[in-house]
Amino acid sequence: MITHAKCYREGYPRPRFVRERWVCLNGQWKFAFDDRDEGERNRWYAGGKLTKEIAVPFAYQTQASGIGDDARHDHLWYERRFTYALPRGKRLLLHFEGADYTAKVWLNGCMLGTHTGGYARFTFDCTPALRRGENVLVVKCDDSRSAAQPRGKQRCTPQNVSCFYTDTSGIWKTVWLEEVGQSYLSRVLTTCEYERQSVLFEYNVQGFCEGLTLEIEAEYQGERAALCETALLCDHGKIRLDLTLTNQMLNLKPWSIGRPGQRFDLTYRLRHRGIVVDEVRSYTALVDYRTRGDGIEVNYLPAPCLRMVLAQGYYPDSGMTPKSDEELLRDVMLIKQMGFNGVRMHQKIEDERFYYFCDMAGLFCWLEMPAVYDFSPESVSALTREWTEVVLQYKGYLCVMAYVPVNESWGALQTSENGQMQQLTAGLYSLTKALDPTRLVISNDGWEHTQSDIVTLHNYAQTGRELRLAYADLPAFLRGERTGDTHTRSPFAKGWAYRGQPVVISEYGGIACRTQESGGWGYGTAAADAQELLARLRELTQAIVSLDGCRGYCYTQFTDVMQEKNGLLTEDRRPKADMDAIRAVNSLVRGE
């Protein structure tokens, strides 16, 4: 189905930074609710106090966890025992891919540290607390329904409502151990410099000492393409590698959705006085995203019309947590099978393996931050802190075309008039550009934009006629003259104006279908059957692709999610209409 990068290891949680020696800690853990918040006072972190069991990494609210209790519990405890024979001169790292919301971690009664934020990876060096023989790992997770913490589509009400779903508390992504040397690479960020046919590597080293060198080797289709080694003078620095292929007919081999195999396999070797003390495998490619006037370019060529689908990454009995690589790859291939060339992962920071599979299969992605729902110093601080972690974690995935820090003014509902809220979205735009200048940034997806590389519009009109009427004079609409439209808010916040950017209809459709599912909702009246669903999908999409100046669309949505029954597929990934017929709708684009 796809050709993997050389570094790929099935189940490995961090696909672009791969070491050989690692242990997955997923599986059965001891567990307890702590509704009176007495566990720390009673030293539960010492171990042996928890009586329930839970299947990690599934949230306790899911059936897959073995608990399936969707009632609110704000304080959760986990315990896992393991043995590890750590060789002399090595260190052991403990990684959490995601724990919502504040996690405190102890090993053998010693606190390793605390992390706040539900969506980004965090790591502790557990070597000082490690014992020979059995080790007791204990984790306390504190969650709440606070509107000031990034929660995305997790409800803050006792019951699911509208498009807000059962919350996800505690550990919900993989927990794992990794063996490293006394000196090791803690991070390598890659920045493509397309014009120079080179990649800039920014590295960080833990345990820095004199005598360290870093070698970076790049291979293209099994043959060495570039090699560079440099002496390290401090614990961080930059190395530039030329990726010009002098032995190829075409010396430039850029990645694109049509050529996902055009990538370079990487090996990082950290040496101390000539001896390898850390070796990490990765991959990269030459890819460039930019706008020119009202168009989007990929590798300096006009991008194909964006035919995206909105996905939320929920699974029938495991919530936001996929059970395997196969589930993630299946979603990528289903999206491509329906003729979409991109996916907007909505209000969720998806497992890194999903973005790896998009790299390998060739699928554009928009990466979107889960929203807060309050505007306060606390919410602004929480949002910017965690967004920074997320961008640095996902920077370098080839498929990521655009970042979306805010959606529909959520958490900043008065953005249209409120200057302070406008500064938030404009500031997040600038912050994101400072962290990763190689990708596009959408300040406030849907409406009320401030600084933004793409102008995105949300419109749930249920007929093609309504859509055409709304945007019959698209320039006038972008100037704030909303004649004929009743389905969206102003495209720009007051004081901000259209500057000729590309326009994308990034939410539309949302059609439910009256099939075997009962209850739930979609936008407008549900289609009576698959034929009506296809007819309405075709009519709406045709209206969008006929708009002058529109560079693409994103259909709502890929699958049903709990009470929201407007997916093209059910929650267990059964198509509601013929997949080839959906693909035919996505081929309506003019000139392609």
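The values are calculated or read from the model by the stated rules, or taken from the named source; none is laboratory data. Predicted, not measured: the structure shown is a model, and the values here were computed from it. Virtual Cβ from ideal backbone geometry, glycine too; neighbours counted across all protein chains shown. All accessible areas refer to the heavy atoms of the entire protein, side chains included, with ligands and DNA or RNA removed. Shrake-Rupley method; radii C 1.70, N 1.55, O 1.52, S 1.80 Å.
Here region 203-286 exposes an accessible surface that is 46 percent carbon and sulfur, computed with a 1.4 Å probe and the other protein chains kept in place. Give the shape of region 1-138 as rounded, prolate or oblate, defined through the alpha-carbon gyration tensor: a ≥ b ≥ c are the square roots of its eigenvalues, a/c under 1.5 means rounded, and otherwise the shape is prolate if a/b is larger than b/c and oblate if not. Oblate, since a/c reaches 1.5 and b/c is not below a/b. Sequentially through region 5-11, phi angles give Karplus couplings (6.51, -1.76, 1.60; θ = phi - 60°) of 5, 4, 7, 4, 10, 4, x Hz, Gly and Pro residues having no value and appearing as x.
Phi angles across region 75-82 convert, under the Karplus curve 6.51 cos²θ - 1.76 cosθ + 1.60 with θ = phi - 60°, into 3J(HN,Hα) values of 10, 10, 10, 10, 9, 9, 9, 8 Hz, Gly and Pro given as x.
Residues in region 348-354 carry Karplus couplings, in order, of 8, 8, 6, 3, 4, 4, 4 Hz; the curve used is 6.51 cos²θ - 1.76 cosθ + 1.60 with θ = phi - 60°, and Gly or Pro positions show x. Residues whose amide H comes within less than 5 Å of that of Gly552, counting only those at least five positions distant or on another chain, are Leu306, Ile505 (H built at 1.01 Å from N in the peptide plane).
Counting only protein heavy atoms and using a 1.4 Å probe, the accessible area of Val205 comes to about 10 Å².
Carbon-plus-sulfur accessible fraction, region 11-117 (probe radius 1.4 Å, protein heavy atoms only): 45%. Accessible surface for region 351-509, divided over its residues, is 30 Å² per residue with a 1.4 Å probe. Report the local net charge at Arg196: Lys and Arg +1, Asp and Glu -1, summed over other residues whose C-beta lies under 13 Å from its C-beta. My count for the surroundings of Arg196 gives -3. Accessible area per residue for region 225-293, computed on protein heavy atoms with a 1.4 Å probe, is 50 Å². One Cα centroid belongs to region 1-28, the other to region 390-448; the line between them spans 30 Å. Rolling a 1.4 Å probe over the protein heavy atoms gives region 88-153 an accessible area of 32 Å² per residue. Here is the size of the chain from its Cα atoms: Rg then Dmax, 24.3, 73 Å. Among Arg269, Arg489, Arg439, the sequence by solvent-accessible area, most first, with a 1.4 Å probe is Arg489, Arg269, Arg439. Within region 33-78, the GluC sites (Glu not before Pro) that combine a DSSP coil assignment with at most 12 other C-beta atoms in a 10 angstrom radius are Glu38. Summarising the amide proton neighbourhood of Ser186: residues at separation of 5 or more, or on other chains, whose placed amide H is nearer than 5 Å comprise Asn204, Val205, Gln206.
How large, in percent, is the carbon and sulfur part of the accessible surface of region 501-591 at a probe radius of 1.4 Å? On region 501-591, the fraction of accessible area on carbon and sulfur atoms equals 48 percent. Here is the list for region 174-248: GluC sites (Glu not before Pro) lying in DSSP coil, each with at most 16 other C-beta atoms within 10 angstrom of its C-beta, are Glu210.
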